[in-house]
Amino acid sequence: MNGGDYFEFSIAHDRKYSLDHLWVQVLDDDEDDMTVKLGISEFIRAEYGDIVRVVLSKPEDDSEFQVELEEGESENDDDSSTALLSRGDELDTDDLMVTIRTTNDRILINAPFPCKIIELNGDVEDNPDLVNEEAYGDGWCMIVKPHEWDDDMHLNEQEYIEYLNEI
C-alpha cells in the first residue's frame, strides 16, 4: 500500500484461498464430477489499487507481461500474442490463468492446480469493476474441474488472515 493509506477489504468465510490471492469455492464436491469456482481476493485491490483490466488468457509468449517499461515509453495493449482461454481448455499447475492490471501494477496469477475449464466469466473482462465491487459475487473468474484436489492445499479464512499479516 502507498504511504499511510489503508483500505478495508473483506474475506469470504465460505472460501479457501491461495497464496496468490485467488479464492476457491467448491460448488460440487462429488469426487468424480467436482467443480470449483475461482475468483480474485479483495486483497489485490487493497494492496495494488483498483483493478482496471482482467484478462482470462494464456499468452503464448508472456514476455510482454514481464518487461518493465522505461520512463516515457507507452504501454502496448495489443493482446494479439495471447491465446484466449475457452471452455474445455486444460491448465497445468503454474500455467498462467489470469492477468490483472491495477492502477499501480500488473499481476500474473497461475493455475493453483491442474484443471479443465468448465466456464469463463467474460463479464469480468468486459467490466473489471465487477471484481472491484463484487469480488466474491459476480466478480468470479472461472469454474473449473480439478484433476487433483486436496481440501488442505488452500488456506481457510483464518489461515489466510494470518498469511496476510505475515506479508
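A short reminder: the numbers here are calculations on the coordinates, not readings from a lab. None of these values were measured; they are calculated from a predicted model. For neighbour counting, all protein chains shown are included, and Cβ atoms are generated from backbone atoms with ideal geometry for every residue, glycine included.
Here are some notes:
- Shape category assigned to segment 86-167 from the gyration tensor of Cα positions, a/c cut at 1.5: oblate
- Taking other Cβ atoms within 10 Å as a rough exposure proxy, 125, 134, 162, 31 sort from fewest to most as 31, 162, 134, 125.
- Alpha carbon centroid spacing (whole Å) that separates segment 106-167 from segment 24-58: 2 Å
- Between residue 94 and residue 9, the contour length at 0.36 nm per residue exceeds the Cα-Cα span by 27.9 nm.
- Scanning residues 5 or more positions from residue 49 or on other chains, none has an amide H under 5 Å from its amide H, with H placed 1.01 Å from N in the peptide plane.
- Long-range HN-HN contacts of residue 41 with modeled amide H, under 5 Å: 22, 23
- Table column - 3J(HN,Hα) (Hz), segment 122-128, Karplus curve with 6.51, -1.76, 1.60, x for Gly and Pro: x, 4, 6, 6, 6, 9, x
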